[in-house]
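The structure under discussion appears below in the form of structure tokens.
The values are calculated or read from the model by the stated rules, or taken from the named source; none is laboratory data. Nothing here was measured: the structure is a model prediction, and the numbers come from that model. Counting neighbours? That spans all protein chains shown, and the Cβs are built from the backbone with ideal geometry, glycine included. Keep in mind that these areas ignore ligands, DNA and RNA; they rest on the heavy atoms of the full protein, side chains included. Shrake-Rupley method; radii C 1.70, N 1.55, O 1.52, S 1.80 Å.
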Amino acid sequence: FSQEARKIEHISHVFSVVDLIQKVDTSLNETKENEDGIPSTSEAVSQYLFLLSTSSNTSLSSLVTADNQKLKMRLTVNVSDTRVTEDLYYELKDLAGKHFGSEIKADFGGGLVAMVGVIRYIVWGKIQNIFSSVLTLLIIFALAYRSLARSMIAVITLPVGVFSTFGLMAVLGIRLDIITAIITSFAMGIGVDFSIHWLAAVKDEYNRHRNINVAIEKASMGPGRVILYDAMATILGFSALFFSRFSSIHTFATLLCFNMFLLA
């Protein structure tokens, strides 16, 4: 398993108890018993393990349990891209199944595996969040306005804003992570706020003039102008974050300002 794992791209180093045994064998024997440096008998391996356990300079305790029933193998990966590490994870699982079969259970852990799990959770959680939020707001607006058509008009800006943001992220090469995932919540909150104000103004002006064109014009020139000023002020305020040296803060400001401009 170690030999084939070392051949996989982006894996720069593999270290296990086997490497320690090989090192001891090389140190004690000028002529190796086997080409791979591993003794042919379990008794010899036990003696090597005993020698290693008595030395305080080895990392044996972090590679094998006291009863010698569980082993740990360290694989160093020279890439941080979660898409690559996820492919590596599945490739290593297949390799473990090939060599160990069903009799030996091989589990994978570490920071990169945890990161893959977190990103996968963020992606699916964000998809569920978008659909559940739109559905909830659609029901609330339908009950408030007593009209499904008005409710759909109120929430139509939400998926448009969210998917436009994801489109911009794809164009700019911005990855979906914990920071950028927050943007969709901001976008949906801003879109709902603007929609409520504008639709309420349209309804009031229509009740006053009984003309939908006049109502839309009045609402756009009154509350609509206030919404525009609100968006401009927010964009100017968050534009100060463009000068941040932290890329995550810079990305957050870029996406938020884009959302404000789009929804306004």
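Remarks
- Cβ-Cβ under 8 Å pairs, at least 6 apart or on other chains, the stretch 199-213 side assigned to a helix (DSSP H, G or I) and modelled with pLDDT of 80 or more, far side open to solvent by 40 Å² or more (accessible area, probe 1.4 Å) and of a type in the set (Lys, Arg): Ala201/Lys218; Glu205/Lys218; His209/Lys218
- Only one entry in Ile153, Ile104, Ile174, Ile139 is assigned to a loop (DSSP other than H, G, I, E, B), open to solvent by 70 Å² or more (accessible area, probe 1.4 Å) and out of contact with any strand residue (DSSP E or B) (no Cβ under 9 Å at 6 or more places or on another chain), namely Ile104.
- Verdict on Glu43 being out of contact with any Pro (no Cβ under 9 Å at 6 or more places or on another chain), charged (D, E, K, R) and open to solvent by less than 100 Å² (accessible area, probe 1.4 Å): no
- Only one entry of Ser247, Ser185, Ser239, Ser220 meets the criterion of being modelled with pLDDT under 80 and either surrounded by fewer than 14 Cβ atoms within 10 Å (Cβ to Cβ) or under 24 Å from Ser147 (Cα atoms) (or both), and that entry is Ser247.
- If you go through the stretch 115-124 and keep only what is in contact (Cβ under 8 Å) with a residue 24 or more places away in the chain and either open to solvent by less than 70 Å² (accessible area, probe 1.4 Å) or touching a Phe, Trp or Tyr at 6+ places or on another chain (Cβ under 8 Å) (or both), you end up with Val116, Val118, Ile119, Ile122, Val123.
- Candidate set from the stretch 1-24 (those that are under 24 Å from Asn68 (Cβ atoms), of a type in the set (Val, Ile, Thr) and in contact with a strand residue (DSSP E or B) (Cβ under 9 Å, 6 or more places away or on another chain)); member that is surrounded by the most Cβ atoms within 10 Å (Cβ to Cβ): Val17
- Condition check for Leu112: part of a helix (DSSP H, G or I), within 30 Å of Leu63 (Cβ to Cβ) and open to solvent by less than 40 Å² (accessible area, probe 1.4 Å): no
- Test: Ile196 is more than 16 Å from Leu138 (Cα to Cα) and at pLDDT below 80: no
- Some residue of the stretch 64-74 being under 24 Å from the mean Cα position of the chain (by Cα) and open to solvent by 90 Å² or more (accessible area, probe 1.4 Å): yes
- Filter result (open to solvent by 50 Å² or more (accessible area, probe 1.4 Å) and either touching a residue at least 24 places away in the same chain (Cβ under 8 Å) or within 29 Å of Arg120 (Cα to Cα) (or both)) within the stretch 49-63: Leu51
- Within the stretch 94-122, restricting attention to residues that are more than 21 Å from the chain's Cα centre (by Cα) and charged (D, E, K, R), the residue that is farthest from Asn68 (Cα to Cα) is Asp94.
- Failed item in (1) more than 26 Å from the chain's Cα centre (by Cα); (2) open to solvent by 40 Å² or more (accessible area, probe 1.4 Å); (3) within 19 Å of Ser2 (Cβ to Cβ); (4) not β-branched (Val, Ile, Thr), with Tyr89 passing the rest: (1)
- Selected residue [β-branched (Val, Ile, Thr) and crowded, with 19+ Cβ neighbours inside 10 Å] from Val202, Val214: Val202
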